[in-house]
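Scroll down for the structure; my scribbles are underneath it.
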Amino acid sequence: MEVILADDYGFCYGVKRAIKIAKDSADLSKKVCSLGPIIHNPQMVKSLADKGIGVVEEVEDMNCGKIIIRSHGVGPSVYEKIQARGLELADATCPHVRKAQMSAKKLADEGYKVIIIGEKEHPEVISIKEWAGENALVLCTEEEASNISFVPRLGIVAQTTFSADKFNKIVSILLNKSYDIRILRTICTATNKRQSAAIKLAKEVDMVIVIGGRNSANTTRLAQICAEHCVVHHIETVDELQDDWFNNIKKIGITAGASTPDWIIKEVYEKCKKTTWQAY
């Protein structure tokens, strides 16, 4: 069997930056925690925990020490809480997420009804919505876009890891919802490249293994778009590979989400290369 890696996969700049900030913040003399998992990968979160970096879900869970804002970012109220409690701050918000937050705020300040195209419950989207203010609206589907009312001024931003194709389809509907529309395309270029590479790979192989946390939106999206072209298995670690997946498979593709550590990708790739599985 032939094993092919996607042209683009694994850690993006924002995730690498967040992990470096987290590791640099480790301090045995004081409590250090990230506000929520630093990235959506359980194995990396455990690795950081081994270095003394814990996880808290609320600012109120910390009375002292240093708190790390994760790559997904937070709204302005969280910064206020951190300052009020006198906590040290290490801000690992992805620069692309920060751009989306500030774009949403700018549109709101200029009087636009802000539409955020993304997943309502995703922490990044929650943070962008808070920067945009209480009147902002989150849309994830074409049906939701069709159901909104006409408004005088409409400003549009996106979750940085949202599907570019899906974004374009939703925007095409929103173009009929206002006479004054501003579109600030905040999808990360790395996301576009990774998704395009995954589609290209899926068209060339019999099966794609997508590696990454099941709580990772961008990893789940890679699995979804690959599944339109071939068989797909989404795994978190090498231990999840199953022998019967490889029957009658001649070409295997491997890709990974933006929060998947290199060592996990390497383990999966080497297992596939060294295996005695045969295609029949």
Please state the Cα pair-distance histogram of segment 172-242 with 5 angstrom bins from zero: what percent is in each bin?
3, 15, 20, 18, 14, 10, 9, 6, 4, 1, 0
Potential extension, Asn63-Gln83 segment - 0.36 nm per residue separation minus Cα distance:
6.0 nm
DSSP-loop GluC sites (Glu not before Pro) across segment 58-155, with at most 15 other Cβ within 10 angstrom
Glu58, Glu110, Glu121, Glu134
Please give the Cα centre distance for segment 210-275 versus segment 1-50, rounded to the nearest Å.
19 Å
Cβ-Cβ cut-off under 13 Å around Lys193, Lys and Arg +1, Asp and Glu -1: the net charge is 0
Taking N as the number of residues in segment 26-177, what is its Cα Rg relative to 2.2 N^0.38 Å?
1.18
Of all the accessible heavy-atom surface of segment 100-241, with the other protein chains kept in place and a 1.4 Å probe, what percent is carbon and sulfur?
50 percent
By a straight-distance test (C-alpha under 17 Å), which aspartates and glutamates pair with Lys23 as possible cross-link partners, with residues fewer than eight away in the same chain excluded?
Asp50, Glu88, Asp91, Asp262
In whole Hz and in residue order, list the ³J(HN,Hα) couplings for segment 179-196 that follow from phi through the Karplus curve 6.51 cos²θ - 1.76 cosθ + 1.60, θ = phi - 60°; x for Gly and Pro.
8, 10, 10, 10, 10, 10, 6, 9, 5, 5, 4, 5, 5, 4, 5, 5, 5, 5
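Averaged across orientations, what area in nm² does the convex hull of the alpha carbons in segment 19-109 project?
If I average the Cα hull's projected area over directions, I get 6.0 nm².
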Cross-link reach from Lys251 to aspartates and glutamates, straight Cα distance under 14 Å and at least 8 residues apart if same chain, gives Glu2, Glu204, Asp206
Considering amide H positions built from the backbone, and no H for Pro or chain starts, which residues 5 or more places from Asp91, or on another chain, come under 5 Å of its amide H?
Ile69
Once every DSSP H run of n ≥ 4 in the chain is given -39500 (n - 2.57) and the sum is divided by its residues, what mean residue ellipticity at 222 nm do you get, rounded to the nearest 500 deg cm²/dmol?
-12000 deg cm²/dmol
What residue among Ala84, Ala198, Ala132 shows peak mean-square fluctuation when the chain is described by a Gaussian network model with Cα springs under 10 Å?
Ala84
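Return the carbon/sulfur percentage of the accessible area of segment 15-68, one whole number, probe 1.4 Å, all protein chains in place. Spell out each step's value before the answer.
Values: 1340 of 2590 Å².
Exposed carbon and sulfur together represent 52 percent of the surface.
My understanding is that a pair violates if its Cα-Cα distance is over 29 Å; which of Lys20/Lys273; Lys166/Lys200; Lys113/Lys203; Lys129/Lys169; Lys20/Lys169 do that in this structure?
On the way: Lys20/Lys273 31 Å; Lys166/Lys200 18 Å; Lys113/Lys203 40 Å; Lys129/Lys169 21 Å; Lys20/Lys169 36 Å.
Beyond 29 Å: Lys20/Lys273; Lys113/Lys203; Lys20/Lys169.
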Using amide H atoms built in the peptide plane, which far-off residues or other-chain residues are under 5 Å from Ile181 H to H?
Leu154
The Rg/Rh figure for segment 141-280, Cα atoms and Kirkwood Rh, to two decimals is 1.11
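Taking the Cβ of Ser178 as the center, what net charge do the other residues with Cβ under 9 Å away carry, scoring Lys and Arg +1 and Asp and Glu -1? The partial results should precede the final answer.
Details: positive: Lys113, Arg153, Lys177; negative: Asp180.
Summing Lys and Arg as +1 and Asp and Glu as -1 gives +2.
Length gain on complete extension for the stretch Lys273 to Ile4, per 0.36 nm per residue less the alpha carbon to alpha carbon distance? Intermediate values should be presented prior to the final figure.
Values: separation 269, 0.36 × 269 = 96.84 nm, distance 0.97 nm.
Extra length available between Lys273 and Ile4 comes to 95.9 nm.
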Pick from His233, His72, His96: which residue has the top mean-square fluctuation in a GNM of the chain where Cα pairs under 10 Å get a spring?
His233
Would you mind computing, in nm to one decimal, how far apart the modelled labels at Ala26 and Ser47 are, each placed 7 Å from Cα along Cα→Cβ?
1.1 nm
Return the distance in nm (one decimal) between the two label points of a simple spin-label model at Trp263 and Ala90, each offset 7 Å from Cα along Cα→Cβ.
1.8 nm
When the Kirkwood hydrodynamic radius is evaluated over all pairs of different C-alpha atoms of segment 79-121, what value in angstrom, to one decimal, is obtained?
12.6 Å
Under-5 Å amide H pairs with Val55, H placed in peptide plane, nonlocal only:
Ser34
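With a Förster radius of 35 Å, plug the Cβ-Cβ distance of Asp244 and Asp165 into 1/(1 + (r/R0)^6) and report the FRET value to the nearest 0.05. Could you put the intermediate results ahead of the total?
Numbers: r = 32 Å, r/R0 = 0.92.
Result of the calculation: an efficiency of 0.60.
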How much accessible area per residue does segment 178-280 have, counting only protein heavy atoms and a probe of 1.4 Å, in square angstrom?
49 Å²
Taking the chain as a Gaussian network, where each spring joins two C-alpha atoms under 10 Å apart, which residue of Ile148, Ile264, Ile225 fluctuates the most?
Ile148
Lys and Arg at +1, Asp and Glu at -1: neighbours of Ala258 with Cβ under 11 Å from its Cβ sum to +3
P(r) for the chain: what percent of alpha-carbon pairs falls in each 5 Å bin, starting at zero?
1, 6, 12, 15, 15, 14, 12, 11, 8, 4, 2, 1, 0
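The values are calculated or read from the model by the stated rules, or taken from the named source; none is laboratory data. Quantities reported herein were computed from a predicted structural model and do not represent experimental measurements. Positions of Cβ are backbone-derived with ideal geometry, glycine not excepted, and every protein chain shown enters the neighbour counts. These area figures cover heavy atoms from the full protein model, side chains too; ligands, DNA and RNA do not enter into them. Shrake-Rupley method; radii C 1.70, N 1.55, O 1.52, S 1.80 Å.
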